[in-house]
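Down below is the structure, laid out as structure tokens.
The values are calculated or read from the model by the stated rules, or taken from the named source; none is laboratory data. As the structure is a prediction and not an experimental result, all values here were calculated from the model. A quick note on method: Cβ atoms are made from the backbone with ideal geometry, for glycine too, and the neighbour counts reach across all protein chains shown.
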Amino acid sequence: MTFDESVYAYVKQVPRGKVTTYGMIAAAIGHPRAARQVGNALHRNPMPVVVPCHRVVNREGRLAPAFAFGGSEVQARLLEAEGVEVHGGYVDMAKYFWDGAPTE
């Protein structure tokens with residue numbers, strides 16, 4: 001599996017209504033120092049509906065200023081449609097962060 005495919009496979013697991021970070025994905029796929037490369041892979045996401053890259057934010061909960069599919073406003077709308085509250089371009093990580101643990 002390529003690096004990009006590993007990123008996409010992981011992002012597909014992020015539950016609706018939750019977010020994860022570039023760094024979390026990088027660590028989970030065995031490349032703990034590759035958060036930027038994760039962002040690049042998501043920017044190239046060939047299947048934006050199948051791979052929910054809008055559920056990925058930075059470690060502080062900030063939305064992507066250059067979200068590949070329409071900017072941070074579009075990312076915010078997609079997250080809000082799933083019940084994630086966005087305030088001033090940020091998501092409350094204490095409330096919405098998904099750490100990769102299986103969900104019920």
Exercise for review: Kindly indicate the residue of the stretch 45-56 that is touching a residue at least 24 places away in the same chain (Cβ under 8 Å) and surrounded by 12 or more Cβ atoms within 10 Å (Cβ to Cβ) and also farthest from TYR96 (Cα to Cα) among those meeting that condition.
Suggested key: ASN45
Review point. So is GLY39 farther than 17 Å from LYS18 by Cβ, in a loop (DSSP other than H, G, I, E, B) and either at pLDDT 95 or above or out of contact with any Gly (no Cβ under 6 Å at 6 or more places or on another chain) (or both) or not?
Key: no
Review point. Within the stretch 40-61, is even one residue under 12 Å from the mean Cα position of the chain (by Cα) and small (Gly, Ala, Ser)?
Key: yes
Practice item. Please state which one of ARG16, ARG59 is touching a strand residue (DSSP E or B) at 6+ places or on another chain (Cβ under 6 Å) and either surrounded by fewer than 18 Cβ atoms within 10 Å (Cβ to Cβ) or not in a helix (DSSP H, G or I) (or both). Key: ARG59
